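Visitor: Pasting in a structure now, in structure tokens, and then I'll have a few things to ask.
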Amino acid sequence: MGKVWVLGAGQLGAMMRHAAMPLSIEVQPVDFNQSQEVVLAEEDVVTAEIELWPETPATQTLAAHPNFANKAVFPRLADRYTQKQLLDELNIATAPWQLVCEKTESESLFSALGDTVLLKRRTGGYDGRGQFWLKQAEATAVPEGWHNEAIAEKKIPFDEEVSIVGVRDREGNMFFYPLTLNLHVNGILMASIAPLERLGKLQKEAEGMLRKLLSSLDYVGVMAMECFRVGDHLMVNELAPRVHNSGHWTQAGTSISQFEYHVRAVAGLPLANAVVKGQSVMINLIGVARDNRWIGVDAAELYWYGKEVREGRKVGHINLTQPSLSALNSALGKLKPMFPEPYPQVFEWVEKNLPVS
Ligand code: ADP
Ligand code: MG
């Protein structure tokens, strides 16, 4: 079997490499700026941990390989304009939107989308970066440099944010994990909970939307779909053609993680149905210094990415899976005092949203 090359050398590629080890599949992440020549074999496959990359000798070599999975999908989803067009074409509910053109001014956006409008850069935004709120009451103008570079979205008064991660193989077989409940603070994911029985009634709708997307794109691998829950229905917020932070809980909470699934799919291996074990919680580590007391807590599984700690930066995550809610709550209770602000509120959100034991 050939190697699986990953465009990008961040934590997602590293976790794919880790997940592929028991199967003895070699996963090789490649830094965009790698100076060493990338030499691919015919039977190798190429995937990416990110949807947009700079043109460099390394990325050009990888992207030119005939076995680059989903090659045409990346540019389509990396641009929020073409991503929104795709959702509309497939009749998948999403926040009403408009392209911000050369001459678009905020007044026309307010009349089309309401008195509070969210501008999102077409490309490159992540973790809430690349967004700008327009408020009619404050007569906010479209900032300089955003014309032709952004879409405008109606503000959705959602009840909560959920996501679904699914995988599709070359033959069109698919598997979907249960919906995950996510907490974002200032646009960045702080915690996930899965599975949750109360989200079960939305599972069919979520799977139907993602199934339609995966099939219509003839997609191979893992895709994540972030949604807003509005009452009893879902509205798609955004899509990620890759493994996703809100699927990290699957490392501890299922028999086949999203990382292993992605490798299986791109390598042409059978998918099977992952078994979901117990109750899982994932706590994202954002700009916090490593504290080894964390791994002294039963069930706490730390993934530390080895990056320099900076404010607002994702530097790791902790997965917790327990068969019993009381054991899970006890672990969370031990971790909580080990964290600085704003984590107490994150733990409170988790406690509030876990089922009552
Ligand atoms: P990113 O790529 O930064 O994750 P998102 O489009 O997911 O970008 O936006 C980040 C967060 O901003 C979302 O998780 C949600 O909390 C909030 N948000 C995004 N779009 C809207 C919207 N139309 N209405 C209200 N909140 C939104
Ligand atoms: Mg998002």
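The values are calculated or read from the model by the stated rules, or taken from the named source; none is laboratory data. Just so you know, these numbers come straight off a predicted model, no measurement behind them. No Cβ is skipped: glycine too gets one built from the backbone with ideal geometry, and neighbour counts run over all protein chains shown. When the accessible area is computed, the model is the full protein with side chains, heavy atoms only, and any ligands, DNA or RNA have been set aside. Shrake-Rupley method; radii C 1.70, N 1.55, O 1.52, S 1.80 Å.
Visitor: What is the dipole size for region 133-288, taken about its Cα centre, with +1 at each Lys and Arg Cβ and -1 at each Asp and Glu Cβ, in debye to the nearest 20? Don't skip to the answer; put the middle values down first.
Guide: Working: 14 positive and 17 negative charges, 77 e Å.
With only Lys, Arg, Asp and Glu charged at Cβ, the dipole is about 380 debye.
Visitor: Now, a different point. With the contact rule set at Cα under 8 Å and sequence spacing of 6 or more, what percent relative contact order holds for region 96-154?
Guide: It comes to 52 percent, rounded to a whole number.
Visitor: For region 96-154, just the Cα atoms, rotate onto the principal axes and tell me the three extents in Å, largest first.
Guide: Result, largest extent first: 27, 23, 21 Å.
Visitor: Solvent-accessible area per residue for region 4-68 at a 1.4 Å probe radius, Å²?
Guide: Here the per-residue accessible area is 50 Å².
Visitor: If the label point is 7 Å along Cα→Cβ of residue 218, which residues in region 264-283 have backbone nitrogen under 20 Å from it?
Guide: Only 265-269 pass the distance filter.
Visitor: Add -39500 (n - 2.57) for each DSSP H run of 4 or more in the chain, then divide by its residues: what number comes out at 222 nm, to the nearest 500 deg cm²/dmol?
Guide: -7500 deg cm²/dmol
Visitor: How high is the relative contact order of the chain, in percent, with contacts defined as C-alpha pairs under 8 Å that are six or more residues apart?
Guide: Contact order relative to length: 14 percent.
Visitor: Under the definition of Cα pairs under 8 Å and six or more residues apart, what whole-number percent is the relative contact order of region 4-68? Please list the in-between numbers first.
Guide: Working: 98 pairs, mean separation 26.6, N = 65.
Relative contact order here is 41 percent.
Visitor: Can you tell me the FRET efficiency between residue 136 and residue 349 if r is taken as the Cβ-Cβ distance and R0 is 25 Å, rounded to the nearest 0.05?
Guide: About 0.25, to the nearest 0.05.
Visitor: Shifting gears a bit: Starting from the Cα of residue 1, step 7 Å toward the Cβ, then list every residue of region 251-279 with an amide N under 15 Å from that point.
Guide: 256-257, 259-272
Visitor: In addition: Compute the distance in nm between two label points, each set 7 Å from the Cα along the Cα-to-Cβ direction, one at residue 112 and one at residue 291.
Guide: 4.7
Visitor: Right, here's the next one. Identify the trypsin sites (Lys or Arg not before Pro) of region 257-357 meeting these criteria: DSSP loop state and at most 16 other C-beta atoms within 10 Å of the C-beta.
Guide: For trypsin sites (Lys or Arg not before Pro) across region 257-357 that sit outside H, G, I, E and B with at most 16 neighbouring Cβ atoms in 10 Å, the list reads 277, 290, 293, 307, 310, 313.
Visitor: Still on this model: Please work out the FRET efficiency for the pair residue 197 and residue 72, using the Cβ-Cβ distance as r and a Förster radius of 41 Å; give the result to the nearest 0.05.
Guide: In this case the efficiency is close to 0.60.
Visitor: On a full-extension model of 0.36 nm per residue, what is the gain between residue 34 and residue 21, subtracting their alpha-carbon distance, rounded to one decimal in nm?
Guide: Once the chain is fully extended between residue 34 and residue 21, it gains 2.4 nm.
Visitor: Take residue 336 and residue 144, extend 7 Å from each Cα along the Cα→Cβ direction, and tell me the distance between the two endpoints in nm.
Guide: Those two pseudo-labels are separated by 4.9 nm.
Visitor: Full-extension gain between residue 171 and residue 93, please, as 0.36 nm times their residue separation minus the C-alpha to C-alpha distance.
Guide: Gain on stretching residue 171 to residue 93: 25.4 nm.
Visitor: For the chain, what are Rg and Dmax over the alpha carbons, in angstrom?
Guide: Taking only Cα atoms of the chain, I get Rg and Dmax of 20.4, 60 Å.
Visitor: Between 323, 355, 299, whose Cα lies farthest towards the positive end of the dipole of region 290-357 when Lys and Arg beta carbons carry +1 and Asp and Glu beta carbons carry -1, centred on the Cα centre?
Guide: 299
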